[in-house]
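Scroll down for the structure; my scribbles are underneath it.
No value in this document is a laboratory result; all are computed from the given coordinates. Values in this document were obtained by computation on a predicted structure and should not be read as measured data. Cβ: placed from backbone, ideal geometry, glycine included. Neighbour counts: every protein chain shown.
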Amino acid sequence: MDPLSGTVGEWLKGTGPESDIVISTRVRLARNVKGEPFVNRASAAQRAKLERGLREAVEASGVLAKMLYFDMTSASEIDRAFLVERHLISRDLAGGEGPRGVAVNPSENVSIMINEEDHLRIQVIKSGLQTRPTWNRIDRIDDTIEKSVSYAFSPQLGYLTACPTNVGTAMRVSVMMHLPALVITKEIERVFYAVSKINLAVRGLFGEGSQAASDFFQISNQIALGRTEEQILQTIESVIPNVVEYERRSRDALLKESRAKLEDRVWRAYGILKNARMISSEETMEKLSALRLGVNLGLVRDVDIKTVNEFFILTQPAHLQKNAHRILEPKERDAVRADYIRRKLGGG
């Protein structure tokens, strides 16, 4: 995994549509092999057979050019955390047991988890708001794999999954958003209430089971059963542009009505990031959120958005330890993190 540690995936480059507010669009599909027990009911021998067979099927399908495969049974705790931080695997796969792994393409916009909660979890992630291109890519991958793998499917229920909430399309569409102005103006709760009324969920930076971290949120569908893929996509496409517009209006209002206060918030954050000698993960996220807002509003001109986006991943604990080639105690990580950010920003 060492070649990945100093870079980030294409989805963090900030080049996609609406990328000042929408960091990424992700579509995930859950699939299981017909006639095989779900992972939580499978024996060690059955899991090993599934892991071996599905890995070979994915590799033979050619859906991932120059496929990288990471075996979780031999991966260290830091390596597993490293892949979670990069959004390539889930916390469930990292903390699971038995034969399991993940296939990834070099640009990191496609990952295929094997023996997570389901036999297969296929994920495609793109920069900015790109629901259709993301869906089209994963649909092609899914169809290609299905040519050699028989999926568990019910004409009445749809795709069968270990968790009942995923039965049906077994599809989740997630849009990662940066909404600092809505947080500052205290309008964010109104947005959360509105999206929850149409069965959309709001999660943190690392998806299901994670808390919202400093103005970063993932909005995704909760229901897969009884909805077609097209209906799920249309729901996301009807909601997210409204949230984007709401955030834009809030940013404009802050610039017009509280510009000095907003600039102070941005420049204080930039100053701390450029000069701190120790900084925690939580404070880093908070200050990076303010800096990202300042860059996108044109208040800070000597930092590009790609650099800011990369900080969100490269300053996480496992990444710092991978680059240091050793285990770091929390205080050491705070110092190493501050030094890394300071050098990248040209601080004192």
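Here are some notes:
- Net +/- balance of residues flanking Met1 in space, Cβ distance below 12 Å, scoring K and R +1, D and E -1: -2
- Remark: the range 200-348 is approximated by an ellipsoid whose semi-axes, taken from the C-alpha gyration tensor as √(5λ), come to 31, 23, 11 Å, largest first.
- Neighbourhood net charge (13 Å Cβ-Cβ; Lys/Arg +1, Asp/Glu -1) for Arg343: +4
- Backbone N atoms of the range 92-114 closer than 14 Å to the 7 Å Cα→Cβ label point of Thr7 belong to residues 104-110.
- Student exercise, the range 258-345 dipole from Lys, Arg, Asp, Glu Cβ charges, in Debye to nearest 20: 160
- Per residue of the chain, the DSSP helices (runs of n ≥ 4 H) give a summed -39500 (n - 2.57) that works out to -14500 deg cm²/dmol at 222 nm.
- Sum of side-chain charges, Thr134 neighbourhood, beta-carbon under 9 Å (Lys, Arg +1; Asp, Glu -1): +4
- Cut-off under 5 Å, modelled amide H: who pairs with Tyr151 long-range: Lys34
- Extent along principal axes [Cα atoms of the range 217-282; Å; largest to smallest]: 52, 33, 12
- When you filter the trypsin sites (Lys or Arg not before Pro) in the range 236-278 for DSSP loop state and at most 16 other Cβ atoms inside 10 Å of their Cβ, you are left with Arg277.
- Förster radius 30 Å - calculated FRET efficiency between Asp92 and Ser148, Cβ distance, rounded to 0.05: 0.75
- For the range 86-102, putting each phi into the Karplus relation 6.51 cos²θ - 1.76 cosθ + 1.60 with θ = phi - 60° gives couplings of 8, 6, 9, 9, 8, 5, 5, 5, 4, x, x, 10, x, x, 6, x, 9 Hz, in residue order, rounded to whole numbers and with x for Gly and Pro.
- Pairs from Lys13/Lys147; Lys126/Lys287; Lys34/Lys322; Lys126/Lys147; Lys256/Lys344; Lys256/Lys306 whose Cα-Cα separation, in the structure shown, is over 30 Å: Lys13/Lys147; Lys34/Lys322; Lys256/Lys344
- At 0.692 mPa s and 37 °C, Stokes D of the chain from Kirkwood alpha-carbon radius, µm² per second: 156
- Cβ crowding within 10 Å averaged over residues, with 97-110, 134-147 ranked highest first: 97-110, 134-147
- For the range 1-80 versus the range 284-334, the gap between their alpha-carbon centres in whole angstrom: 25
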